[in-house]
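Read the figures in this text as sums done on the coordinates, not as results from a lab. Computed from a predicted model, the values in this text were never measured in an experiment. Here the Cβ positions follow ideal geometry from the backbone for every residue, glycine too, while neighbour counts run over all protein chains shown.
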Amino acid sequence: MNETSDVQLMAERLESLKAGIIGGLSVCCAFGITSLLNTLVLAKYFSTLASLQNDLNWHWWVSGAIATFTGLLFGVTYRYIIRSDKNPQLKAGGVLAFGLVRGLTQIELGWNSHSTIWPFVVLAFESVLWFAIAAIVLDIAIQLRWVRPFSSI
């Protein structure tokens, strides 16, 4: 490969890394907010959702780390999905692809656990919400030119 394409390739990788970091931090913050909402509101006032109450134990930290990592993967992928297009279906499709894969897995887990499914439905909705928040933050970062959109080569 020539030197110019190596420099361009490295620049694209750095932009993807920035998008991944922004996506990971966005989902991490959304995870923290929804965990607080679950513990302080939903689990307290809706008895069927009592299993959503979280303590700051190792399980919560592992869940947060997994959410952050999936946010990083989403950020990198979202940058490639949207490129420099203004197509809202592409944006929504990327959000729903990540959110529904995570969310429907949680619903299936709830269905197979033979307990009430409502807490798992709430978690599935949260998953879609996390990635929607990350997409909004990434769109703002692209508008502010913190991250460059992937250019169709």
Handout entry: Part-to-part distance (alpha-carbon centres) for the range 81-149 and the range 13-36, which is given in Å
Key = 12 Å
Fill in the blank from the handout: To the nearest 20 debye, the chain has a Cα-centred charge dipole, built from +1 on Lys and Arg Cβ and -1 on Asp and Glu Cβ, of 260 debye
Practice task
Fewest Cβ neighbours within 10 Å first, please rank Ile33, Ile82 accordingly.
Solution key: Ile33, Ile82
Handout entry: Förster-model FRET efficiency, 35 Å R0, Leu17 and Leu100, C-beta, rounded to 0.05
Key = 0.85
Exercise for the section: Determine the calculated [θ] at 222 nm for the chain from helices alone, applying -39500 (n - 2.57) to every DSSP H run no shorter than 4 residues and normalising by the residue count; nearest 500 deg cm²/dmol. Expected result: -26000 deg cm²/dmol
Practice task
Determine, for Tyr45, Tyr80, the number of other Cβ atoms within 10 Å of each Cβ, and report the residues in order from fewest to most.
Solution key: Tyr45, Tyr80
Handout entry: All-pairs Cα distance distribution in the chain, expressed in whole percent, bin size 5 Å
Key = 2, 10, 16, 19, 17, 12, 9, 7, 4, 2, 1, 1, 0
Fill in the blank from the handout: Stretched fully, the stretch from Ser63 through Trp118 gains (0.36 nm per residue minus C-alpha distance, one decimal, in nm) 17.9 nm
Fill in the blank from the handout: With the dipole of the range 3-143 defined by +1 on each Lys or Arg Cβ and -1 on each Asp or Glu Cβ, the option from Leu37, Thr70, Ser127 whose Cα lies farthest towards the positive pole is Leu37
